[in-house]
Amino acid sequence: MNFIKAFRNKSRIQLSGLISGFVLIILFAWTILPASATGIEANREFSVGTVNPGESFAVTVHIITDQDIEALTLDENLPEGWQVSQWENNGAMFQETSTFKASTLEWIWVENLSVGEEKTVVYNVTVPSNSEPGNSTLSGRISAYFVPAASVKGFSEIMVTSPPEANFSATPLLGPAPLIVQFTDLSTFNPDSWEWDFDGNGNIDSNERNPVYTYESPGIYTVILKATNSTYGNSTRKKAGYITVTEKSISSGENVGSEESSGGSSGGSSGGGGGGAGSPESTRNVELKEISNEQVFKGIHTCFTFKGEANEIVTLEFDPKKNFGKKTAIVEMLKNTSSIVKEPAPGIVYRNVNLWIGNSGFSSQENFENAQINFRVSRAWITEQGVSKDTVTMYRYSGGVWNSLPTTLSREDEVYFYFTAETPGFSPFAISSMKINTRSIELLQTKNEENKAHNKSDLSEGEKQENITNINLELDNEKKDAPTPGVFLTVIGFLSSYVILSKRKQR
């Protein structure tokens, strides 16, 4: 019994010692570890909550410590492509005692930081102009010698906003009442709601994205679209005089429409199908129509540019002799020969096209000079048709006939040959080319060499004779290159006379 009691007393003493040691460890950790864990702290602030692509904002980081630390380092991480630069910091100490590493976005202090001391870093961030809308994150760490690294607290997300850029197209742009027009939204940056005003009276006529509207009465109508993204904002595009509704079809026109934009600039527009504005062409024969608007002033070279992928006309250029203000150029790529000409253009036609500028009276040499049409022809078409790029010609239909225009090759790439044609006016045109018929002609010398080669080979006399006969037959077919029978007779006569005279002299 005494032995059991002694064992129990010894076990109690050991257990008590273990408990005491564990308590001492906890007390040591309680007093020592917090000082290290909370040695430094950093908080981040943004100057704005939202920013547009291409704009800048300021980031401020406050650093404080509750103990003396050495080798303080701030490491900030930004989205890829965002640019960083330092700002003035009102004589903050880090400007004289630290080194900024722009490549790694690190600020490093070489001197010690005392208890309660604070350092402030302010830097400028520029958001790339091509950034997509949405939330973007900044992150960072603060660390020091013998102090565990800690994440920078405070602001970390900033919203990049980009309101939609409103734009639209419509087809047709001109026609008799009632005119049914299909509108197509071309706005960028993902709008989620649309407000259409089809007659410019300030009232909303539709909230659909791609609406169809019927104009019941003749007139010239202004169209306005407001495109909105519920998160990023809105913008408005106004096209003045965009839709023209007539009592009946007209053969030519100039008031195709101008554009005004709250945040955009005027320019050309394109659409498929329909003759319409400024053209007497049958709408059934129009495959593609593209328009371009430019200001036309005397003495200033004018160039209308077209960018449609299926449009083979690149530019229309001329030097105005008068001031005309805003003019509209129209290109109509046709399915077949123009319905307003009597017969197809000469040669193998690549494309039929109508070119119009302004009203019917504009196409006069009294109004402009040095007019050029820059166009292109597919390499694949030239190969398929067996034609030469040197025969490509632009034809213009005027005075009831097709007239060839001076056409020159200007450049080429892997897909197209590019040409320039000089023209006295604008009307139906055709891009055409002529096929060149060529055949290979073998020289008499080549035939003789083949004959010698056959005779030297191990052929029977009958095979040799057959080969000679075949060659002679082929030579007979090349009449243009072979000597005529008269030439042969003349040569034989000279040779005979020479032989007879030689024999007489020998006698």
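Structural remarks
- Calculated from backbone phi, Karplus (6.51, -1.76, 1.60) coupling profile of the stretch 228-240 in Hz, x at Gly/Pro: 10, 10, 4, 9, 10, x, 8, 8, 10, 10, 10, 10, 7
- Förster radius 60 Å - calculated FRET efficiency between residue 282 and residue 132, Cβ distance, rounded to 0.05: 0.85
- Dipole of the stretch 106-220 [Lys/Arg +1, Asp/Glu -1 at C-beta], most positive-end residue of 219, 170, 147: 147
- Sequence-distant residues sharing a close amide H with residue 368 (under 5 Å, placed H): 321
- These residues, 159, 434, 394, go from largest to smallest accessible area, 1.4 Å probe, as 434, 159, 394.
- What a 1.4 Å probe finds exposed on the stretch 138-227 is 51% carbon and sulfur by accessible area, rounded to a whole percent.
- Long pairs among 226/327; 298/342; 153/226, criterion Cα-Cα beyond 29 Å: 298/342; 153/226
- Chain lengthening between residue 326 and residue 409 when straightened (0.36 nm per residue, less Cα-Cα): 26.8 nm
- The residues of the stretch 364-416 present an accessible area of 55 Å² per residue when probed at 1.4 Å with all protein chains retained.
- Where the stretch 117-192 is the region considered: accessible area per residue in Å², 1.4 Å probe: 46 Å²
- The portion of the accessible surface of the stretch 298-401 made up by carbon and sulfur, rounded to a whole percent, is 45 (1.4 Å probe; DNA, RNA and ligands excluded).
- FRET efficiency, residue 180 to residue 230 (Cβ-Cβ, R0 35 Å, nearest 0.05): 0.65
- Using a Förster distance of 25 Å, the FRET efficiency for residue 118-residue 80 (Cβ separation, nearest 0.05): 0.20
The values are calculated or read from the model by the stated rules, or taken from the named source; none is laboratory data. Everything quoted here is computed from the prediction, not taken from an experiment. All Cβ positions, glycine included, derive from the backbone under ideal geometry; neighbour counts span all protein chains shown. The area values use the complete protein model at the heavy-atom level, side chains included, leaving out ligands, DNA and RNA. Shrake-Rupley method; radii C 1.70, N 1.55, O 1.52, S 1.80 Å.
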